[in-house]
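Asker: Let me give you the structure first, and then I'll get to my questions.
The values are calculated or read from the model by the stated rules, or taken from the named source; none is laboratory data. All figures in this text were calculated on a predicted structure; none of them were measured in a lab. Ideal geometry is used to build each Cβ from the backbone, glycine not excepted, and the neighbour counts take in all protein chains shown. These accessible areas exclude ligands, DNA and RNA; they are computed on the full protein's heavy atoms, side chains included. Shrake-Rupley method; radii C 1.70, N 1.55, O 1.52, S 1.80 Å.
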Amino acid sequence: MANVKEILDESSFSNTISSLPLSTLAVIYFHAPWAAPCKQMSTILAALASTYTPQSPVVFLALNAEELPDISEQYDVTAVPYIVLQKAGKQLETISGSDAAKVRNLVEKYAGAGNGEAGKLGLPPAQTVTKPAQPVGENSTGTSSGGKSMAGYAPSASEQKTAPEYSSGGGESKEELFKRLGELVKAAPVMLFMKGTPSAPQCGFSRQTVSLLREKGIRYGFFNILADDEVRQGLKEFADWPTFPQLWVDGELVGGLDIVREEFENNADFLEEYSVNAKKNTGGHAAPSAQAQTA
């Protein structure tokens, strides 16, 4: 029977994908050890994989989304568990969440059914449903994921705001975007560009950075990059830094989680002037009306 192969580095992933026959379906599963829903999805995929033989036209690959951030960015992974179905280098479907029935239906749609033992292994039966008519004017994404819309990650009414005066309705030129980014990175003396919000991080790196800043008692503003895709993509080029989170201090990029952690370890006074215990600095930074709310 087939099993789920854990991919540990980028070269292994690249070699595995490039060696697949064009007719073979790749089930690419992004997970994180801290995310409880991933434990359920791992069990689901292991059971589903066991219904296929090693000769079946399907392979199951598992990747730690945090350990392989470049691949996660390549596949636009914004939350886990997240599954991509790919064949001949083309993405066919994406699945966000741990819906076992949806996973089974789509794998069987593109790879055929397994050996018929799925029900005995605890997987739900394949579903046959009729898709309701799409309302006039509603766009179809062509994917099965309900979590791909960036608007879905905007803070709720009760959530801390994310530098609202610097959000855009879109359609900016590159020059306009870079001008907005130049203002945004100075919206607070310490600015964190992260996936999600401090109370609900959407990736482990963002979660760890928030925890570190809280542990050190640092006051900071934040921007949820999942709520504004222009900022998310544009800041990579503006900062010449391809991944998130990003920490900025007085408009200058410090770096990601690893660099921030090293700075705290090597310099006991790092960001001390921005801690809740520091004397209030009355000059030099953006005016309160131009700052993101601090966490």
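Asker: Considering only protein heavy atoms and a 1.4 Å probe, what is the carbon-and-sulfur percentage of the accessible area of the stretch 174-274?
Answerer: Of the solvent-accessible surface of the stretch 174-274, carbon and sulfur hold 44 percent.
Asker: So, one more: Describe numerically, in nm with one decimal, the distance between label points set 7 Å from Cα along Cα→Cβ at Glu215 and at Glu262.
Answerer: Calculated label separation equals 1.8 nm.
Asker: What percentage of the solvent-accessible surface of the stretch 4-111, computed with a 1.4 Å probe over protein heavy atoms, is contributed by carbon and sulfur atoms?
Answerer: That share works out to 53 percent.
Asker: Moving on to the next point. Give, in nm to one decimal, the length gained when the segment between Asn15 and Glu176 is fully stretched (0.36 nm per residue of separation minus the Cα-Cα distance).
Answerer: Result for the pair: 53.9 nm of gain on full extension.
Asker: Under a 1.4 angstrom probe, counting protein chains only, how are Lys5, Lys174, Lys179 ranked by accessible area, largest first?
Answerer: The ranking, largest first, comes out as Lys179, Lys174, Lys5.
Asker: Also: With just the Cα atoms defining each centre, how far is the stretch 51-114 from the stretch 198-256? Give it in Å.
Answerer: With the stretch 51-114 and the stretch 198-256 each reduced to a Cα centre, they are spaced 28 Å.
Asker: Distance cut-off 20 Å, Cα to Cα: go down the list Lys195/Lys236; Lys90/Lys174; Lys5/Lys195; Lys87/Lys109; Lys179/Lys236 and report the pairs above it.
Answerer: Violating the 20 Å limit, Cα to Cα: Lys90/Lys174; Lys5/Lys195.
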